[in-house]
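Before any comments, here is the structure.
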Amino acid sequence: MTVKIAPSILSADFAQLGNEVKAIDEAGCDWIHIDVMDGHFVPNLTFGPPVIKAIRPWTKKTFDVHLMIDPAQPFLEDYAKAGADIIVVHAEADRHIDRSLQIIRSLGKKAGISLNPATPEGIIEYVIDKLDLVLVMSVNPGFGGQSFIESQVEKVARIRRMIGNRAIDLEVDGGVTPETAPRLIAAGANVLVAGSAVFKTKDYAGNIAAIRG
Ligand code: DX5
Ligand code: ZN
């Protein structure tokens, strides 16, 4: 299975965001991972639709929008209009996941669900056929640069078995480095998000290649 690398612009230089997006595009990333935080669902605040709209012209690559916001449902259309290709909602921030997934697809976008480290994978069972992506958080969402939570490797393997032959991407986010990536790929992940491991030095191409393995 080919692995996709999705650098998280949370670790980019926000004063140069357009140039940073262009730089990771040229460095060979597959998707651009965009962390939206509301200071309520997670203890950090980032940006919303206007910033996503502003960086949209800087690349043609897939915008993978990770919504760490509660509620998400009233804002799904705004993120679709801003240029998201994939919209990911958190299981813990949504009492009506099934409806949110339907709304995202009705907006013509790919629908994803994200699971915090403590959230069991069983929550996807009855919505699996409405999913284009499952995002396993291997840190507690809110900040870049945290340590990888090892227990999530087993969760990735279990979700890969649940997915079977469905066309659903299995993405992992948090503490992904050249050291942790091989275990995640072996467990069945096919999209790896990386913030600090990509932006730690200016050699974005080298850093992306090192995670790809
Ligand atoms: C954390 C975010 C991640 C974060 C990952 O809440 O969802 O995307 O940027 O950062 P690293 O790769 O540094 O752990
Ligand atoms: Zn993320």
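The values are calculated or read from the model by the stated rules, or taken from the named source; none is laboratory data. Since the structure is predicted, the reported quantities are computational estimates derived from the model, not experimental observations. Cβ sites come from the backbone with ideal geometry, for glycine too, and all protein chains shown count toward neighbours. Please note that ligands, DNA and RNA were not included when accessible areas were found on the heavy atoms of the full protein model with its side chains. Shrake-Rupley method; radii C 1.70, N 1.55, O 1.52, S 1.80 Å.
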Solvent-accessible surface (1.4 angstrom probe) belonging to Asp38, in square angstrom, nearest 10: 40
Residues meeting the amide H criterion for Thr62 (H placed from the backbone, H to H distance under 5 Å, 5 or more places apart or on another chain) are Ile32
Cβ crowding within 10 Å averaged over residues, with 76-84, 29-37, 129-137, 156-164 ranked highest first: 29-37, 129-137, 76-84, 156-164
Hz values of 3J(HN,Hα) by residue in region 154-162 - Karplus curve (6.51, -1.76, 1.60), Gly and Pro given as x: 5, 4, 4, 4, 5, 5, 4, 5, 5
Starting at the first residue of region 127-144, write each ³J(HN,Hα) from the Karplus equation 6.51 cos²θ - 1.76 cosθ + 1.60 with θ = phi - 60°, in whole Hz, x for Gly and Pro. 10, 4, 7, 10, 9, 9, 7, 10, 10, 8, 7, 9, 9, 6, x, x, 9, x
Between Ala93, Tyr79, Ala167, whose Cα lies farthest towards the positive end of the dipole of region 4-212 when Lys and Arg beta carbons carry +1 and Asp and Glu beta carbons carry -1, centred on the Cα centre? Ala167
For the chain, what ratio Rg/Rh do Cα atoms give with a Kirkwood hydrodynamic radius? 0.93
Report, in debye and to the nearest 20, how large the dipole of region 61-181 comes out about its Cα centre when Lys and Arg carry +1 and Asp and Glu carry -1 on their Cβ. 320
Per residue, accessible area of region 4-212 with a 1.4 Å probe, heavy atoms of protein chains only, in Å², comes to 42
Over region 57-213, calculate the relative contact order: mean separation of alpha carbon pairs under 8 Å at least 6 apart, over the residue count, as a percent. 16
Output ³J(HN,Hα) for region 26-42: one whole-Hz value per residue in order, computed from phi by the Karplus curve 6.51 cos²θ - 1.76 cosθ + 1.60 with θ = phi - 60°, and x for Gly and Pro. 5, 7, x, 5, 9, 10, 10, 9, 10, 8, 9, 10, 10, x, 9, 5, 10
Rounded to the nearest Å, what's the spacing between the alpha carbon centres of region 171-186 and region 125-153? Just the number, please. 11
Extreme residue, positive dipole direction of the chain, given options Ala118, Gly28, Ile185 (C-beta unit charges): Gly28
Segments 149-155, 193-199 sorted - mean Cβ within 10 Å per residue, highest first: 193-199, 149-155
